[in-house]
Amino acid sequence: MDFNDSEVADLLGRLSNAKSPSGFEDETIDVVRDFCGGWARVETNTVRDALITPRGFTGEKPVLMLDAHGDEVGGMVRSIRSNGTMTFVELGRFSPNVLAGQDVLVRNTLGEWVHGVIGVRPPHFMSPAERASGEPQLILDVGATSKEEAVGAFNMGMGEPFVPATRFEYDEATDVAVGKAFDCRAGVAAELLALRELAGRDGLPFDVVASVSSMEEVGERGVLAAARHFDPMVAFMFEGCPADDTFTIPDDAQTALRHGPMFRYFDCCMITNPRYQRFVLRCAAEAGLACQTSVREGGGTDGGPVHMLDVPCVVAGVPSRYVHSGTAMCTLYDIKMTAEVAVAVAGRMTPDDVRAF
């Protein structure tokens, strides 16, 4: 397969810049719908899953469902104080202390996105106890000086979301992409590339469909509705998984940039079907495609709820440094390799193989 780097970078950039925290996935859906124009139908449901059905869908074959989640970690306004600042809750879980001083975009009640900051008390005003705790109090601030101004002039409101204000950049010379929400927009990019390739192939024994599911960061919620909609025989999940090649000693690192997708044997929500996992790794090896494997102690994926429906699942993770922070890094090489592995698996797998899983 010959994925065009310019197209892949543009797709990843649009996905990364989409402001879609859990429960507010509309901008991701807009990018998905635009990419699928002309070759697939994109529907949505009430939980904001994007449900993608290629034009070649027959309705007569077993279903292979691709999945990646379209949401990102973010936050929500909890209350507006008399001085114009706001308290908030996280949608998902940011890494400790990364929000302090982070510039953010806050949606107001008119649907506009307002530039703000996660304020932290300057060290000049901290008590010794605050300095020692290492856990500063945080506030959300768009520059209002009173509650009346925050509501009347800035149109702030309870329940409105915010995301980091990071903008996407790609360096063609180094193949390094920098942006927000690569968990899981890097996975969404790989999923869409793979689906388009498979949609153009005749003779596959499966009807291949895809979901860009919602609310993964708050408990893998949307994928259940997607799985009930498609009723798949087997599923192939995509993720933007945390790379561990910067803080882990080399002997223990299991997810490194430029080594292809990571397939996990275990995490906190799923013990991967070992027969399906071996099949995938064998397909990749036979096709000469790079991939890596891991055993994770934490972190869940959309595979968790779906495999409990008696649907075999594997998870292909695009290695992404510093996920769940304001800025992450990944490479187009790993995105393209992840898509190629998925296509290789779908091209070799049969319903009889799945029954043997």
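The values are calculated or read from the model by the stated rules, or taken from the named source; none is laboratory data. Fair warning: this is a prediction, and the values are worked out from it, not measured in the lab. Reconstructed Cβ throughout: ideal geometry from the backbone, glycine too, with neighbour counts over all protein chains shown.
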(message) If I filter region 26-55 down to residues being surrounded by fewer than 18 Cβ atoms within 10 Å (Cβ to Cβ) and among the small types (G, A, S), which single residue comes out as farthest from G111 (Cα to Cα)?
(response) G38
(request) Kindly list the number of the only condition in (1) part of a strand (DSSP E or B); (2) surrounded by fewer than 21 Cβ atoms within 10 Å (Cβ to Cβ) that fails for M65. (result) (2)
(request) Give region 71-94 a look and list any residue that's in a loop (DSSP other than H, G, I, E, B), among the β-branched types (V, I, T) and within 23 Å of the chain's Cα centre (by Cα), or say none. (result) V73
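Among the residues of region 79-104, how many are among the hydrophobic types (A, V, I, L, M, F, W, C) and more than 15 Å from M158 (Cα to Cα)?
The qualifying residues number 5.
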(request) Determine which member of the set F206, F182 is at pLDDT 95 or above, within 19 Å of H69 (Cβ to Cβ) and not polar (S, T, N, Q). (result) F182
(request) Give the residues of region 128-176 that are under 17 Å from S79 (Cβ atoms), in contact with a Ser or Thr (Cβ under 8 Å, 6 or more places away or on another chain) and not small (G, A, S), sorted by residue number. (result) I139, L140, D141, K147, N155, M156, M158, E160
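Taking the condition assigned by TED's automatic domain parsing to the domain that holds V42 and either among the aromatic types (F, W, Y) or more than 21 Å from the chain's Cα centre (by Cα) (or both), does G219 pass?
So G219 does not fit the description; no.
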(request) Within region 95-112, identify whether any single residue is touching a helix residue (DSSP H, G or I) at 6+ places or on another chain (Cβ under 8 Å), part of a loop (DSSP other than H, G, I, E, B), touching a residue at least 40 places away in the same chain (Cβ under 8 Å) and not assigned by TED's automatic domain parsing to the domain that holds V208, and answer yes or no. (result) no
(message) Please go through region 190-223 and give me each residue that is assigned to a helix (DSSP H, G or I) and farther than 25 Å from M349 by Cα, ordered by number.
(response) E216, E217, V218, G222
(request) Restrict the check to region 294-311 and report whether at least one residue is loosely packed, with under 12 Cβ neighbours inside 10 Å, in contact (Cβ under 8 Å) with a residue 40 or more places away in the chain and more than 27 Å from F230 (Cβ to Cβ). (result) yes
(request) Give the residues of region 142-189 that are basic (K, R) and either part of a loop (DSSP other than H, G, I, E, B) or surrounded by fewer than 24 Cβ atoms within 10 Å (Cβ to Cβ) (or both), sorted by residue number. (result) K147, R167, K180
(message) Are there helices (runs of 4 or more DSSP H) fully within region 282-357 with at least 3 residues that are of a type in the set (G, A, S)? List them.
(response) 332-348
(message) Conditions first: (1) assigned to a strand (DSSP E or B); (2) surrounded by 15 or more Cβ atoms within 10 Å (Cβ to Cβ); (3) in contact (Cβ under 8 Å) with a residue 40 or more places away in the chain; (4) touching a Leu at 6+ places or on another chain (Cβ under 7 Å). I139 passes all but one, so which condition is the exception?
(response) (4)
(request) All but one of (1) in contact with a Lys or Arg (Cβ under 7 Å, 6 or more places away or on another chain); (2) within 21 Å of A339 (Cβ to Cβ) hold for D267, so report the exception by its number. (result) (2)
(message) Can you go through G23, G84, G75, G70 and tell me which one is crowded, with 17+ Cβ neighbours inside 10 Å, touching a Cys at 6+ places or on another chain (Cβ under 8 Å) and touching a residue at least 40 places away in the same chain (Cβ under 8 Å)?
(response) G70
(request) Would you check if there is a residue in region 226-239 being in a strand (DSSP E or B), of a type in the set (V, I, T) and either out of contact with any strand residue (DSSP E or B) (no Cβ under 6 Å at 6 or more places or on another chain) or surrounded by 23 or more Cβ atoms within 10 Å (Cβ to Cβ) (or both)? (result) yes
